[in-house]
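Working notes, structure below.
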Amino acid sequence: MTAAAPPGLPAKMHALVRAFVSTPGLVEETVAGFGTPAHLVFPQVFAENLERLRARLAARVPGYRICYAHKVNQSRAFVVTAQAAGVGIDVASAAELDGALAAGFGPERIEVTGPKGEGFVRELVGAGVVINVDNLWELERIAALARPGTRVPVLVRVSGFAGTPVSRFGVPLHRVDAVIKVLAAERERIEFRGFAFHLDSGEPAERVRAVESCLVLTERAYASGLTPSVLNIGGGFRQVFTADAQAFDAYVHALRESLLGRGEQMTWAGNTFGFHLEDGAVHGTPVFHKYANTVDAERMLSDLLDTELETHAGRTIAQIAAENLLEVWLEPGKALVDHAGITVARVEFVKETADGSTLVNLDLSRDTVTPADQEVMVDPILVPARANAAANSGVTGVFLAGRLCLERDLIANHKVWLPRCPQSGDYLVFPNTAAYHMDLSAARASMHSMPPKLAVVQRSGTFAVCPDVDYRHEVA
Ligand SMILES: *Cc1c(COP(=O)(O)O)cnc(C)c1O
């Protein structure tokens, strides 16, 4: 009888990234010069993601614009790549705006979203950038600060669609009439481009309802003498982390069983991952549900644009946009950096804990690879150090601990099975960390310095690495 394979969470990886990680000695050589932990970004993967979204749009609508949502990652290489590809950029702070300008974006290609205070609004008025207005206060400040003769281009973000959770952002639908009134009265100073929304939801029907609401508002704006020409559908297009949905389901099944006390213990210190146990069953949605997704961003986008609206005699959203001369804008963040970044950590030491678990201690902290309230549900890749090449303990189930002096700094609270037990000096590579993971970290709690960020490119089969800030785009 052969033992069943241990539960696994194989990560989807781009072929280029996989080639980098599996080239013998390359990870070790790369971090030797910069130290660990390190974040690595792959601008060529970013460029491919961009082209795939662009192809879906180009096949459906005559006018469109992709604005890369900069806040997903601070990488300069990604901004430079977006600039070279000719798309737009969505910035949400003065520093992001400066970064976009420095990378060569002209103001007409820059859209500014998010909450803006008085100082930022003053900076934006007259800068020539498109301001995606969050609220009535902001619109009135723009009108007051704008000089007649230089019309400030604006979009208006709306929220509060039926069946969508309340949002802190945007003008609620029932207040849009007040906004239209200001837009109509201030036509000399404000150039209204259209309505915008941004939803975090993976639920297609929510986006369809948001589009329908924006189309109704667009007509209302026309009736008030305005000439909107844009429909901005925001970001929120999903990533796919898993390489094997069945394996993912099997892992989660085994995890639920273990929560009920059946089979091998799979959770660290009684963690339940947002599930709750009641009447001998496991209920609820786990904190890691995003890792289960299998619908990629391109499909989400094309499914949305191909949705037929009953309110428009069954015409698709793409057709309606085209017939009404509305450009479709989107603001993808995580979809563009999907599979375009990894994080390399070093194994410091391995120990046994009081409950008999094996705990692998790494030189990074939990929130360097995932928002602290989530759980990384793809297996890291063990890259043996050259010095440990002979080690062969066989498959081992471990938990992963971080470097902070805090009980909660566990990187994996679920059991991870690795091909052999890691040893001091080995590396663990965390796949697909470029979206929000790298830069939203509070990991400086113990005064550790921030991990270096490096850009990796492959040319003629050879990899070259440089600090992200020094990245230069070269025409392939
Ligand atoms: C964060 C943000 C985005 C990007 O969201 P993703 O989920 O990363 O695609 C787009 N638009 C706005 C207004 C945002 O705040």
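The values are calculated or read from the model by the stated rules, or taken from the named source; none is laboratory data. As the structure is a prediction and not an experimental result, all values here were calculated from the model. Cβ atoms come from the backbone with ideal geometry, glycine included; neighbour counts cover every protein chain shown.
Name, by its number, the condition in (1) closer than 18 Å to residue 53 by Cβ; (2) assigned to a loop (DSSP other than H, G, I, E, B); (3) of a type in the set (A, V, I, L, M) that does not hold for residue 325.
Going through (1) closer than 18 Å to residue 53 by Cβ; (2) assigned to a loop (DSSP other than H, G, I, E, B); (3) of a type in the set (A, V, I, L, M) one by one, residue 325 breaks only (1).
Can you pull out the helices (runs of 4 or more DSSP H) entirely within segment 14-78 that have at least 3 residues that are of a type in the set (Lys, Arg)?
43-58
Here is a yes/no grid of residues against (1) touching a Ser or Thr at 6+ places or on another chain (Cβ under 9 Å); (2) part of a helix (DSSP H, G or I):
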| residue | (1), (2) |
| --- | --- |
| 342 | yes, no |
| 345 | yes, no |
| 354 | no, no |
| 367 | yes, yes |
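Being more than 21 Å from residue 223 (Cβ to Cβ) and either buried (at least 22 other Cβ atoms within 10 Å of the Cβ) or touching a Phe, Trp or Tyr at 6+ places or on another chain (Cβ under 7 Å) (or both) is the filter here, so list the residues in segment 162-185 that pass it.
170, the sole residue that qualifies.
Condition check: farther than 24 Å from residue 314 by Cα and touching a Phe, Trp or Tyr at 6+ places or on another chain (Cβ under 6 Å). Does residue 158 satisfy that?
Yes: the conditions hold for residue 158.
Of the numbered conditions (1) touching a Leu at 6+ places or on another chain (Cβ under 7 Å); (2) within 13 Å of the ligand (Cβ to nearest atom), residue 159 fails exactly one; give the number of that condition.
(1)
Looking at segment 55-80, I want the residues that are more than 26 Å from residue 317 (Cβ to Cβ) and within 16 Å of the ligand (Cβ to nearest atom) and have a partner that is assigned to a strand (DSSP E or B) and among the hydroxyl-bearing types (Ser, Thr, Tyr) with Cβ atoms under 8 Å, at least 6 apart or on another chain. Which pairs are those?
Listed by first residue and then by second, the contacts come to 78/68; 79/68.
Determine if segment 217-227 includes at least one residue that is under 26 Å from the mean Cα position of the chain (by Cα), among the small types (Gly, Ala, Ser) and farther than 18 Å from residue 328 by Cα.
No, segment 217-227 contains no residue that is under 26 Å from the mean Cα position of the chain (by Cα), among the small types (Gly, Ala, Ser) and farther than 18 Å from residue 328 by Cα.
So in segment 458-476, with the set limited to residues that are surrounded by fewer than 20 Cβ atoms within 10 Å (Cβ to Cβ) and under 13 Å from residue 75 (Cβ atoms), which one is modelled with the lowest pLDDT?
This residue is 473.
Could you list, ordered by first residue, the pairs with Cβ atoms under 6 Å in which the first is in segment 104-122 and under 11 Å from residue 134 (Cβ atoms) and the second is crowded, with 18+ Cβ neighbours inside 10 Å and of a type in the set (Gly, Ala, Ser), at least 6 apart or interchain?
113/92; 114/92
Give the residue that is surrounded by the most Cβ atoms within 10 Å (Cβ to Cβ), with candidates limited to residues of segment 416-437 that are within 16 Å of the ligand (Cβ to nearest atom) and aliphatic (A, V, I, L, M).
434
Determine which member of the set 260, 255, 231, 199 is in contact with a Ser or Thr (Cβ under 9 Å, 6 or more places away or on another chain) and farther than 30 Å from residue 336 by Cβ.
255
Based on this model, can you work out whether residue 47 counts as surrounded by 24 or more Cβ atoms within 10 Å (Cβ to Cβ) and either free of Cβ contacts under 8 Å to residues at least 12 places away in the same chain or not assigned by TED's automatic domain parsing to the domain that holds residue 376 (or both)?
Taking the combined requirement at face value, the residue does not satisfy it.
Looking at the structure I just gave you, is residue 374 more than 19 Å from residue 30 (Cβ to Cβ), under 24 Å from the mean Cα position of the chain (by Cα) and part of a loop (DSSP other than H, G, I, E, B)?
In short, yes.
Just a yes or no: is a residue in segment 205-213 more than 23 Å from residue 324 (Cα to Cα), touching a Ser or Thr at 6+ places or on another chain (Cβ under 8 Å) and not basic (Lys, Arg)?
No, segment 205-213 contains no residue that is more than 23 Å from residue 324 (Cα to Cα), touching a Ser or Thr at 6+ places or on another chain (Cβ under 8 Å) and not basic (Lys, Arg).
What do you reckon, is residue 309 surrounded by 15 or more Cβ atoms within 10 Å (Cβ to Cβ), within 16 Å of the ligand (Cβ to nearest atom) and under 23 Å from residue 201 (Cα atoms)?
No.
Being farther than 24 Å from residue 227 by Cβ and buried (at least 18 other Cβ atoms within 10 Å of the Cβ) narrows it down to one residue among 99, 119, 104; which is it?
99
I'm checking my understanding of the structure. Among residues of segment 314-354 that are touching a residue at least 12 places away in the same chain (Cβ under 8 Å), surrounded by fewer than 22 Cβ atoms within 10 Å (Cβ to Cβ) and of a type in the set (Asp, Glu), which one is farthest from the ligand (Cβ to nearest atom)?
Across segment 314-354, the extreme among qualifying residues is 348.
Among the residues of segment 412-419, is any part of a loop (DSSP other than H, G, I, E, B) and in the same structural domain as residue 32 (by TED's automatic domain parsing)?
Checking segment 412-419: at least one residue is part of a loop (DSSP other than H, G, I, E, B) and in the same structural domain as residue 32 (by TED's automatic domain parsing).
Determine whether segment 186-196 contains at least one residue that is buried (at least 17 other Cβ atoms within 10 Å of the Cβ) and basic (Lys, Arg).
Scanning segment 186-196 turns up at least one residue that is buried (at least 17 other Cβ atoms within 10 Å of the Cβ) and basic (Lys, Arg).
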